[in-house]
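Peer 1: My structure is below; once you've seen it, I'll send some questions.
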Amino acid sequence: MELRILGSIELWTGSSLADIGPARQRGILGALLVDPERPVPLESLVDRVWGDRPPTGVRNVVHTYVTRLRRAFARVSAELPEPINVVRSPAGYVVATDLGAIDLVRFRRLLKSAQQDGLGDQERSTLLQQALHLWRGDALGGMHSDWAARARETLRQLHHEALSQWADAEIRLERPGTVLPDLRAALLTDPLSEQICERLMLALYMEGRSVDALEYYQSMRQLIAKELGTDPSRRLQQLYGTILRGKAADPAPAPARSAAPPETPVPPPAVVPMMLPLDLPDFTGRERELDVVQRTLTRPTASQPPAVLLVGGGGAGKTALAVRVGHRHRSAFPDGQLYAALRGSGPRPADPHAVQGRLLRALGTGPDRIPADPDERAEVYRLALAGRQLLLTLDDAADDEQVQPLLPGSGETAVLITSRGRLSTPLGARVVPLAGLPHGHSVRLLAQMLGTERVNREPAAAAAIARYCAGLPLALRAAAVRLNTRPHWSLHRFAERLSDEYRRLDELAHSSLSVHASFTASYNALPDDAREALRCLADLAVPEFDAHLACPVLGKDFATVEDACEQLVEAHFLTVAESEVAGLPTRYRLDGLQRSFAYGLRTAAAVQPSV
């Protein structure tokens, strides 16, 4: 009997694949088997399988699926000494079975056995190959929730850890060619994995293919710079230098036999990481917000880490403000500054397990001391932060589940988080919202980027450009960069182009600076009802409205329209013009760049060919 989740979610009896029901029912089984020794509460089970879009009567749906799973288990395991079952306790649901029947459990056990001190490389390689052969593809195949995507990424990192250790053993055994196909395939699924790239470069070099190894390094360097804004790790840079100079490269050493393992993890060496991106030289305004953030982060606390959550829409300047705070108050954090780009607004948010590993390396923890097991890695991570006066900046966070594993466990490390608003308030953080820049600051930012002389020649046009950009720093920067690449354009001409509301976003784009792309990321994260509402609200003749006024346009009831409007407020597409008062509903505004975006959506939908 085998329960498999390292690939599609399956139940095997001997050589036969058992029928365990439709995709959602298999999803419930997968959600229970990721951590099979811990009961999963009903609410967590719903979140793992459906995310934020559960069906009506989801509790009854879960009960029905669990009942069907029990029947399926009873059919195929009736003759076992202890039949498989799904047991419910006050703590939640758990699959009652021999843990050795679960492929993930066997994988972890084989990996742990292969990591024993003093094991010979041939035996180590055999154990790791057995562990890797349990994988049949991406874990939790068939599950499509956000939780499943994060769990899948965490398990992929665990797979890469085993693959790296197997590659190390094979390279030490002078068989580098055997690992090349698997390393290439792994790098395709995780192109930012430096540990995989390092092994691939080393294996190629030892095979006499130094040119191929150097090409992989250059590709990795460019990708890390583009996606994370940093350089490759010191280890990867050193290996690159070794290959470039044609010197002998040493494979990773095997774990040494120790007299007695330490009872607690050994703290990493004291290094002072400085991971912040460059500060913007033309950063403008935000003095009040800077003061609030600085006072909050540097205020001593008893045990809780001081924390700030910067919230704002796409392009509001959250990252720029966070980076400015870090550089301005570097002396307040003598043990260094950690920075992680979590990519929460993009299609592939960073996996917190992988981010922990990257931050641990920045703190001086050697790769051989970073556990593959998520729980053990979290313990080592918290220990590395403990007692150190650091600033931890978590930029562009997706949600609480992504942030929670990265938070410190003691009060010495200050935490600065930026997000588009899908978080609660971790650590009781002070929430600092970022609205658009005031008009005067917008004009000043244009002057800093375009030059004071150019702005002073056409002050009225500069003021018009600032108004059309609605105080959004991203829009102002896109406008300035576009004008700087067209020095023959007058500000008046560009202001006239921006005056066309329906093509304004097309004008506010240059290279990676794109208001439309930033808004699209937020739009794609919205539920279906909210997306439909934003498209339809562009048809309103007035920018200010309440849900009653919008009901005929959307063709929905008041409660549905109000919920959609509130979701659009959270996503920074609508603003609250007037709060609910004396029984009158909340009034909303759709104007400026957001209205231009909504109109573009409506126009695109209208020209879609009918099927």
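The values are calculated or read from the model by the stated rules, or taken from the named source; none is laboratory data. Owing to the predicted nature of the structure, the values given are computational and were not obtained by experimental measurement. Don't worry about glycine lacking a Cβ; one is built from the backbone with ideal geometry, like all the others, and counts go over all protein chains shown.
Peer 1: Can you give me the ranges of the helices (runs of 4 or more DSSP H) entirely in the stretch 167-239 with at least 3 residues that are closer than 15 Å to ASP250 by Cα?
Peer 2: Correct list: 194-206.
Peer 1: Taking only the stretch 557-581 into account, find how many residues are free of Cβ contacts under 8 Å to residues at least 24 places away in the same chain and of a type in the set (S, T, N, Q).
Peer 2: 2
Peer 1: Okay, next question. Of everything in the stretch 188-231 that's within 17 Å of ARG172 (Cα to Cα) and aliphatic (A, V, I, L, M), which residue is surrounded by the fewest Cβ atoms within 10 Å (Cβ to Cβ)?
Peer 2: MET206
Peer 1: Now a separate question. Being assigned to a loop (DSSP other than H, G, I, E, B), at negative phi, modelled with pLDDT under 85 and in contact with a helix residue (DSSP H, G or I) (Cβ under 6 Å, 6 or more places away or on another chain) is the filter here; which residues of the stretch 390-434 pass it?
Peer 2: GLY409, LEU423, SER424
Peer 1: I need a count of the residues in the stretch 562-600 that are buried (at least 22 other Cβ atoms within 10 Å of the Cβ), assigned to a helix (DSSP H, G or I) and either at pLDDT below 90 or of a type in the set (Ser, Thr, Tyr) (or both).
Peer 2: Total meeting the criteria: 1.
Peer 1: Still on this structure, I have one more. Assess whether THR296 counts as being out of contact with any His (no Cβ under 8 Å at 6 or more places or on another chain), under 23 Å from GLY411 (Cα atoms), polar (S, T, N, Q) and assigned to a helix (DSSP H, G or I).
Peer 2: Answer is yes for this residue.
Peer 1: While we're looking at this one, here's another question. Starting from residues that are within 30 Å of VAL576 (Cβ to Cβ) and touching a Gly at 6+ places or on another chain (Cβ under 7 Å), keep the ones in the stretch 400-434 and report whichever is surrounded by the fewest Cβ atoms within 10 Å (Cβ to Cβ).
Peer 2: Step by step, filter the stretch 400-434, then rank; the result is PRO433.
Peer 1: When you go through HIS329, HIS353 one by one, which is the residue that is closer than 30 Å to VAL105 by Cβ and in contact with a helix residue (DSSP H, G or I) (Cβ under 7 Å, 6 or more places away or on another chain)?
Peer 2: HIS353
Peer 1: Step by step: first the residues of the stretch 286-337, then only those that are touching a residue at least 40 places away in the same chain (Cβ under 8 Å) and among the polar types (S, T, N, Q), then the one that is surrounded by the most Cβ atoms within 10 Å (Cβ to Cβ). Which residue is that?
Peer 2: Filtering first and then ranking leaves GLN337.
Peer 1: Out of the stretch 116-160, which residues are more than 23 Å from ASP190 (Cα to Cα) and touching a Pro at 6+ places or on another chain (Cβ under 7 Å)? Break it down stepwise before answering.
Peer 2: Step one: filter the stretch 116-160 for residues more than 23 Å from ASP190 (Cα to Cα), giving 116-124, 126-127.
Within the stretch 116-160, just ASP117 meets the criteria.
Peer 1: Can you find a residue in the stretch 323-341 that is assigned to a loop (DSSP other than H, G, I, E, B), charged (D, E, K, R) and within 20 Å of ASP146 (Cβ to Cβ)?
Peer 2: So far as the stretch 323-341 goes, no, none of its residues is assigned to a loop (DSSP other than H, G, I, E, B), charged (D, E, K, R) and within 20 Å of ASP146 (Cβ to Cβ).
Peer 1: Separate question: Being within 21 Å of ALA470 (Cα to Cα) and either part of a helix (DSSP H, G or I) or of a type in the set (Asp, Glu) (or both) is the filter here; which residues of the stretch 305-322 pass it?
Peer 2: Just the residues of the stretch 305-322 that are within 21 Å of ALA470 (Cα to Cα), to begin with: 310-321.
Selection gives LYS318, THR319, ALA320, LEU321.
Peer 1: Return the residue satisfying two criteria in turn: it lies in the stretch 98-121 and is touching a helix residue (DSSP H, G or I) at 6+ places or on another chain (Cβ under 8 Å) and polar (S, T, N, Q), and of such residues it is nearest to LEU6 (Cα to Cα).
Peer 2: The extreme case among them is SER113.
Peer 1: Could you please find all residues in the stretch 347-370 being charged (D, E, K, R) and either assigned to a helix (DSSP H, G or I) or not assigned by TED's automatic domain parsing to the domain that holds ALA384 (or both)? Full working, then the answer.
Peer 2: From the stretch 347-370, those charged (D, E, K, R) are 348, 351, 358, 361, 368-369; that's our starting set.
Matches in the stretch 347-370: ARG358, ARG361, ASP368, ARG369.
Peer 1: Does PHE494 meet the test of being without any contact (Cβ under 8 Å) to a residue 60 or more places away in the chain, closer than 25 Å to GLY285 by Cβ and among the aromatic types (Phe, Trp, Tyr)?
Peer 2: Judged against the criteria, PHE494 is a match.
Peer 1: Only residues that are small (Gly, Ala, Ser) and touching a residue at least 40 places away in the same chain (Cβ under 8 Å): list them for the stretch 453-491, please. Reasoning before the result, please.
Peer 2: At the first step, the residues of the stretch 453-491 found to be small (Gly, Ala, Ser) are 460-464, 466, 470-471, 475, 478-480, 490.
Listed by number, the residues that qualify are ALA470, ALA475.
Peer 1: Which one of these is within 28 Å of LEU508 (Cβ to Cβ) and in a loop (DSSP other than H, G, I, E, B): GLY387, GLY344?
Peer 2: Working: GLY387 fails: within 28 Å of LEU508 (Cβ to Cβ).
Selected residue: GLY344, the only one of GLY387, GLY344 that is within 28 Å of LEU508 (Cβ to Cβ) and in a loop (DSSP other than H, G, I, E, B).
Peer 1: Separate question: Modelled with pLDDT under 90, among the acidic types (Asp, Glu) and outside any loop (DSSP other than H, G, I, E, B): does that describe ASP539?
Peer 2: no
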